[in-house]
Amino acid sequence: MTTPLVTASGLSKHFEVGGGGFFGLRKAATLKAVDEVSFTINAGETLGLVGESGCGKSTLGRLLLRLIEPTSGTIAFDGNDITRIGRMEMRGYRRSMQIIFQDPYGALNPRMSVEDIIAEPLVIHGAKPGAETRKQVTQMLEKVGLPARALDRFPHEFSGGQRQRIGIARALVLHPRLIVCDEAVSALDVSVQAQIVNLLQDLQREMGLTYLFIAHDLSVVRHISDRVAVMYLGKVVEVADKKTIYAAPLHPYTQALIAAVPAQHPAQRSRGRRQRIAGDIPSALNPPSGCRFHTRCPHVMPVCRERAPELREAAAGHQVACHLTDI
Amino acid sequence: MSDVADAEGIALKREHPARATLRRLFRHRLFVTGLLLFGVIAVIAITAPWITTADPQRLSMRNKFLPPGEAWVFGTDNFGRSLWSRVVWGAQLSMIIGASVVGLNAVFGTLIGALAGYFRRLDNALMRVNDALMAFPAILLAIAVTSVLGPSTLNVILALSIVYIPRTARIVRSSVIVLREMEYVQAAVAAGAGHWRILRHHILPNAMAPMIVQLSFLFAYAVLSEATLSFLGVGAVPPTPTWGNIMAEGRDFMREAPWIITIPGVALMITVMGLNLLGDGLRDVLDPRLRIQQ
Amino acid sequence: MARVAFRRLLSAIPVLLIVSLISFGLMRLIPGDPAAAIAGVSATPAQIEQLRRDLGLDQPIYMQLLDYYQGLARGDLGRSLLLGKGVFAATMERLPVTIGLSLYALVFTLLIGIASGIVAALRQNSWIDQAAMMFAMIGISVPNFFLGLLMIILFAVHLGWLPSGGYVAFSQDPAGWLASTTMPAFSLALLQAGLLARITRSSMLEVLRQDYIRTARAKGLPQRKVVLKHALSNALIPIVTVVGIIVSLLLSGAVVTEALFSLPGMGQLLTQAVLSRDYPMVQGGLLLVTTFLVLVNITVDTLYAVLDPRVRYE
Amino acid sequence: MNLLEVRGLTTAFMTGRGEVNAIEEVSFSLKEGEILGIVGESGSGKSVTALTVMGLLPQPPARVAAGEVVFNGQNLTRMSDRDMQRIRGPGISMIFQEPMTSLNPVFSIGDQIMETIAAHERLSQADLRKRAIDMLDKVGIPSASKRLDDYPHQMSGGQRQRVMIAMALACNPKLLIADEPTTALDVTIQAQILDLLMDLRDEFGMAIMIITHNMGVIAETADRVLVMYAGRVIEEAPVAQVFDRPLHPYTRGLLECVPSLTEDKPRLVAIPGTLPEPARRPPGCRFAPRCSHALPACSEAIPGLELLEPAHTVACFRAQELAPA
């Protein structure tokens, strides 16, 4: 249960923005979307990854699958370093790692039938289109709760929730081990969102899947995850099992994030009762020095402006990157 | 209401997307009007050998400057040639040139645009050359190229292709750049698809809509430009009946025989307008967000 | 804003380099022996040889290229074979005619195009809209030389109101200039006016759908202010970028219009050069006109920055 | 007298398939200084309701097919455009979901706030400027006098929403309509904006109509709640009632399907099926096809709103028998 399926070490992705110009004379700014991030995902677990917009959580998810090439750092899958292997060798690993996207409209090719969409991964990995493939696709469709009649339909004939089911079927048809769910339920109405969350949990049990569940909704992440990692401006600031992190968060940002979630009952209104963090998220193009949260942190100390805290084990299985807990 | 969707909310009525598009096209007033106008000219062009009796190049000084009437439908020109024959064969030449330019653009514009848009490494080099070619005023470049290559139908096709392929490539490139970032493309990469598969199954089919719209407008420009080139005397060589040639020759006689100019002019206008209407209709139906472009 | 202009100037350099290379390569594209082709069929072998040496075509290609760029650096664009004078001087003589005609046509284009586009968008689907768009459709479908011919037949031949050709310089006789260029300018403008009307209309419709228009109305601003201030200021932004394209189309169209109305402009010069196989003139003239266009586009882009703070403060 | 009275409001849209009602027979009222929350998922008609009240829907294709909106004793549905302009701003004002696109990109924020005031009051340029700075201060924009000449693209999403609020409150309206004001914002910014709205309500005393799909936002802000589904109001009650004793099966489902931040639930209680599009709404009770308590009768007639408990109305044939003890 605790063997890591995925290990990321010192993973970074820096984008050059606005550069180029005449013979590249204009200096490009560097956007550190993901900066020196290390963590593991254990086989069979769900690791939740939360953070606000621009924190780099989506980039991190895509880095793990090498949909984006990392600037530095390594990714190990099942003990094998996949960071620098060639395209053909990577294809072998792609069977085992898949992704589900946020936008149920942009994630399906409008010019392909549902059958072609779900069969594509099989065909890429050598299946011949025919009765056998069709059977596999049909089974997968039923698993995600869509009737076989859906096979020859096109994406525009489905609602958002149904499209998300098709996207899940496509991701699962190769029987992968790791699924990156990139805001997979964020675009859905709450009543439909619950259906998809339940489906993802059922499928995890049935197929022994490991999830990296990326989302900005803290209650959904709590519900589905075993452990949760919190990101802020390209850095992972805290990782712990979900009970610990929601009940006793150590990083001031995690605390603020949880405090900001609206109440679930009017009797628990938070205004005036909970600590708010002031200010906006700084631009990732020009992040603050030292600890990136220091501009908004209520407990800021001089050291925070100078030195970035390392992600350290504060308690068993609870890592945090904050000078407060370093002492 | 409930007859359109079943319990799971999946539409019961099934229609292939291509069929649905066709159905909407044929309900579109502009498209149908354009298709009719263009269709008439196209049919005339194709059936030219059967609907003309007089040789468009046979001189007959006895019959010169006959106005349109029963014997000569469109009258005769300054050499007594049948204007009907000349305009009909001119239509054929316009169609051949237009279709060839469109064909070359479809192939090379797509190729260059897709390569530049999909492979970032190629983008800079390809687009710099593209920008340079687009910086020339279109007709001037076409004139210069035909003058260098020599006036002939083939060279007109080549010149117009050199002028317009960069413009087509740019349009294809911009849609490819958008499509490349679509999540379904990412999903295909995640499944292990190669570049070729991604281009063929995911990017090109979805880049077709703006491309088709562009090509129908391009057909219009090509026909218009060809007429302009031959009007200036750098197109197909004079005895060849092209609309531009006919009008250039008629220029000296516009007082006594205005029909020599007006008939091919109106034919040209019908063709171009038909294609423009066709393009408007296609744009409305295929890609409603696409702006009216050059 | 100066930064925007400077940046655009820098990025124009590679484009102009390639433009000059293409212009250079053009003459070398002549199938067979370029010297023989330029000299014509009646030339003797000795004459051809002489021409080859004069044009430097006997040199290896890299030497020719070096000479070409050295010439460009000195502002020497070669000599016209037909006129026997420098390409630059010949062009400068003719350019004012073309620029005058194009500017006049640009005024027609902007007035007709923008006004009818805005009115059509504000009265979307009304009869005014349909009439304006019908007019625009005719505009983009009538070849300008055909329109010119029709205008000559009507206004010059039948009514005798305007001369059918010839040119009077503005500095000599402004009224005469107006008489000699009004028909050419109008026939030249119609295509671009139609194009601009269509673009203005769709740009305006697009802007009217934006959230900030809804905000402006939600604030209780009068309709006049919503349209003239909030919608128009945004709709003009894409229109400005189109002006560069329109100038390019006007210069292209001027070639034909000048030939048709016998105006002694750039277009006529180049057409004559082409017909008499004066390739140095074609090559140099093309390069000059294109450079001029690139400069126009830089101006337009700088203007864009004036209108759009997002570009200005980038 | 109620500040706002909406009676039997039906708004229809002309579509390719004929006229479709976006909202049907919507009725509610709002007292001065009260905060009414309207909650619903996509296609529920909550935004159309707000835009109809504001008279901001383009007509055509939209049309008020029935009903009326009475604000401060004046019937807005029959008002001329010119008169309506006088209501917008000092009477009712509105903020929207997308702060990124709701401000005009080519004018400075100061200009946009000042023109709002100038449209309704005669003030000198200097006074306008002072009022605008004052408003920016009130909505918590630091160094307001310097930011006045900034353009929207120079501000973050949260700041832009603050500017929108400053603009909306610049003429001291009696009613502020906030249409999903925090949906596009991050959770820490959302909390700031909700706090700000509540603070400003205490200061200015305007009534607020807050439209959201998020029950949490309702819990944080509303005094009274209107639940909408597929174009119709299906339940209305004081906020505590809605959370403690939801009477409509849909309201119950909406509360149950959201995961908790503090408790473990083994499994979420999902509502089966999908939200009907406006053109494909089922006959009878709109929720019947997805309702676990539906009887055949539910698909035959549309249940009307009935007062079941004090100040608590619900539109469900079985509400009485299913009500918790």
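The values are calculated or read from the model by the stated rules, or taken from the named source; none is laboratory data. Since this is a predicted model, take the numbers as computed values, not measurements. Reconstructed Cβ throughout: ideal geometry from the backbone, glycine too, with neighbour counts over all protein chains shown. Side chains are part of the model used for accessible areas, which takes the heavy atoms of the whole protein and leaves out ligands, DNA and RNA. Shrake-Rupley method; radii C 1.70, N 1.55, O 1.52, S 1.80 Å.
State the number of residues belonging to segment A:106-124 that are within 24 Å of the chain's Cα centre (by Cα) and either more than 9 Å from chain B (Cβ to nearest Cβ) or of a type in the set (S, T, N, Q) (or both). Spell out how you get there, then give the answer.
In the first step, residues of segment A:106-124 are kept if they are within 24 Å of the chain's Cα centre (by Cα); the result is A:106-109, A:117-118, A:120-121.
Right, trim to either more than 9 Å from chain B (Cβ to nearest Cβ) or of a type in the set (S, T, N, Q) (or both) and you get A:109, A:118.
Number of matching residues: 2.
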Go through the residues of segment B:73-81 one by one and say whether even a single one is surrounded by 22 or more Cβ atoms within 10 Å (Cβ to Cβ), part of a helix (DSSP H, G or I) and out of contact with any Ser or Thr (no Cβ under 8 Å at 6 or more places or on another chain). no
Of the residues in segment C:265-283, those that are in a helix (DSSP H, G or I) and over 10 Å from residue B:147 (Cα atoms) number 9
Qualifying residues in segment C:23-47 (those that are modelled with pLDDT of 80 or more and out of contact with any helix residue (DSSP H, G or I) (no Cβ under 6 Å at 6 or more places or on another chain)) - the one farthest from residue B:142 (Cα to Cα): C:46
Helices (runs of 4 or more DSSP H) fully within segment B:103-197 counting 2 or more residues that are on the phi > 0 side of the Ramachandran plot and modelled with pLDDT of 95 or more: none
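Would you say residue B:216 is out of contact with any Gly (no Cβ under 6 Å at 6 or more places or on another chain) and either of a type in the set (S, T, N, Q) or open to solvent by 50 Å² or more (accessible area, probe 1.4 Å) (or both)? Full working, then the answer.
On the way: out of contact with any Gly (no Cβ under 6 Å at 6 or more places or on another chain): no; either of a type in the set (S, T, N, Q) or open to solvent by 50 Å² or more (accessible area, probe 1.4 Å) (or both): yes.
It is false that residue B:216 is out of contact with any Gly (no Cβ under 6 Å at 6 or more places or on another chain) and either of a type in the set (S, T, N, Q) or open to solvent by 50 Å² or more (accessible area, probe 1.4 Å) (or both).
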Residue selected from segment A:87-104 under the condition open to solvent by less than 40 Å² (accessible area, probe 1.4 Å) and out of contact with any helix residue (DSSP H, G or I) (no Cβ under 6 Å at 6 or more places or on another chain), by the criterion farthest from the other protein chains (Cβ to nearest Cβ): A:96
Conditions (1) out of contact with any Asp or Glu (no Cβ under 7 Å at 6 or more places or on another chain); (2) within 14 Å of another protein chain (Cβ to nearest Cβ); number of the one not met by residue C:84: (2)
Checking residue D:236 against (1) within 12 Å of chain A (Cβ to nearest Cβ); (2) open to solvent by 20 Å² or more (accessible area, probe 1.4 Å); (3) under 21 Å from residue A:265 (Cα atoms), which single condition isn't satisfied? (1)
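Take the residues of segment C:233-250 that are touching a residue at least 24 places away in the same chain (Cβ under 8 Å) and open to solvent by 40 Å² or more (accessible area, probe 1.4 Å): which is nearest to the other protein chains (Cβ to nearest Cβ)? Steps first, answer last, please.
Kept after step one, since they are touching a residue at least 24 places away in the same chain (Cβ under 8 Å), are these residues of segment C:233-250: C:233-244, C:246-250.
When the remaining residues are screened for being open to solvent by 40 Å² or more (accessible area, probe 1.4 Å), the result is C:236, C:241.
Working: C:236: 9, C:241: 11 Å.
Applying the filter and picking the extreme gives C:236.
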What's the number of the only condition in (1) over 15 Å from the mean Cα position of the chain (by Cα); (2) modelled with pLDDT of 85 or more that residue C:287 fails to meet? (1)
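For residues that are open to solvent by 30 Å² or more (accessible area, probe 1.4 Å) and either facing another protein chain (nearest Cβ under 7 Å) or acidic (Asp, Glu) (or both), scanning just segment D:86-102, find the one that is farthest from residue C:224 (Cα to Cα).
So in segment D:86-102, the residues open to solvent by 30 Å² or more (accessible area, probe 1.4 Å) come out as D:86, D:90, D:97-98, D:100-101.
Next, only the ones that are either facing another protein chain (nearest Cβ under 7 Å) or acidic (Asp, Glu) (or both) stay: D:86, D:98, D:101.
Details: D:86: 14, D:98: 25, D:101: 21 Å.
That would be D:98.
Of everything in segment C:209-225, what is assigned to a helix (DSSP H, G or I) and either within 9 Å of another protein chain (Cβ to nearest Cβ) or surrounded by 20 or more Cβ atoms within 10 Å (Cβ to Cβ) (or both)? Give them in sequence order.
Within segment C:209-225, C:211, C:212, C:213, C:214, C:215, C:216, C:217, C:218, C:223, C:225 qualify.
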Residues that are more than 20 Å from residue C:37 (Cα to Cα) and exposed (fewer than 15 other Cβ atoms within 10 Å of the Cβ), drawn from segment C:72-92: C:73, C:74, C:75, C:85, C:89, C:92
What single numbered condition from (1) more than 13 Å from chain C (Cβ to nearest Cβ); (2) in contact with a Gly (Cβ under 9 Å, 6 or more places away or on another chain); (3) not hydroxyl-bearing (Ser, Thr, Tyr) fails to hold for residue D:175? (1)
2 or more residues free of Cβ contacts under 8 Å to residues at least 24 places away in the same chain and open to solvent by 20 Å² or more (accessible area, probe 1.4 Å): qualifying strands (runs of 3 or more DSSP E) within segment A:211-327: A:312-315
